[in-house]
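Trainee: I am attaching a structure below and will ask some questions about it afterwards.
The values are calculated or read from the model by the stated rules, or taken from the named source; none is laboratory data. Bear in mind the structure is a predicted one, so any value in this text is a computation, not a measurement. Cβ atoms come from the backbone with ideal geometry, glycine included; neighbour counts cover every protein chain shown.
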Amino acid sequence: MDYRARYPAPLRYLSAGIDGLLAIGGLAIVVIVFVNAVLRGTAGFDLAWSLEVVGFLLLWLTFLGCAAACARGAHMRVTEIVAQLVPVKLQRPLAVAIDGIVVVLLCSMIIQGTNISLHTWAQLTTVLYWPVGLHYASMPAGMAATLLFHLFNFVIDLRDHKVAAKDAAGPDWEDFE
């Protein structure tokens, strides 16, 4: 389920901004690699900085792509196993538990990624002299955006479940007052 239409405006803008960065970054990778290959084949030299920039872009696009997939509800789930092995009454609590585990995992990745980034900030890349921590900052940044989207998705799922449960219970006398 694509959650983006149900997000508040700032979150929709964040999602659209991430999508734009993914498109621009992907195009930049293709262009840089292509130009570098052409230069190597025709002129006999390559762009020394191209590997660092492509590596930087790949890291950032990977973690931002995780956030974009979360906003779309596109992360893989194996619902068939749960549907076959778990009783219907336990499926919703299991889904809530899994969402909680995902929140803990994302928080852990944000904390660990921040620590790694801070500890490697003083190191510089060999060609462009960018801080290595800037590369590693992609993990906490991408996981923070993923956490934000995941929490909103979780709230939307809880609301939908309550509405579906209320509809399944039939009309309530309060609805007619």
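Trainee: Only one residue in H135, H150, H75 is at pLDDT below 95 and touching a helix residue (DSSP H, G or I) at 6+ places or on another chain (Cβ under 7 Å), so which one is that?
Mentor: None of the other options fit; the residue is H75.
Trainee: Related question: In the range 153-174, what count of residues is obtained for those that are surrounded by 12 or more Cβ atoms within 10 Å (Cβ to Cβ), among the aromatic types (F, W, Y) and at pLDDT below 80?
Mentor: Summing the residues that are surrounded by 12 or more Cβ atoms within 10 Å (Cβ to Cβ), among the aromatic types (F, W, Y) and at pLDDT below 80 in the range 153-174 gives 0.
Trainee: Moving to a separate point now. May I ask you to list the residues in the range 87-124 that are modelled with pLDDT of 95 or more, farther than 12 Å from L147 by Cα and β-branched (V, I, T)?
Mentor: The answer is I111, T114, I116, T120.
Trainee: Follow-up. Could you check the range 108-150 and list, in sequence order, the residues that are hydrophobic (A, V, I, L, M, F, W, C), buried (at least 17 other Cβ atoms within 10 Å of the Cβ) and not in a helix (DSSP H, G or I)?
Mentor: Within the range 108-150, just A137 meets the criteria.
Trainee: Restricting to the range 7-24, name every residue that is in contact with a helix residue (DSSP H, G or I) (Cβ under 7 Å, 6 or more places away or on another chain) and not in a helix (DSSP H, G or I).
Mentor: Y7
Trainee: Testing D2 on (1) in contact (Cβ under 8 Å) with a residue 24 or more places away in the chain; (2) under 21 Å from M109 (Cβ atoms); (3) in a loop (DSSP other than H, G, I, E, B), one condition comes back false. Which one is that?
Mentor: (2)
Trainee: Working only within the range 29-80, note down all residues that are basic (K, R) and not in a loop (DSSP other than H, G, I, E, B).
Mentor: Correct list: R40, R72.
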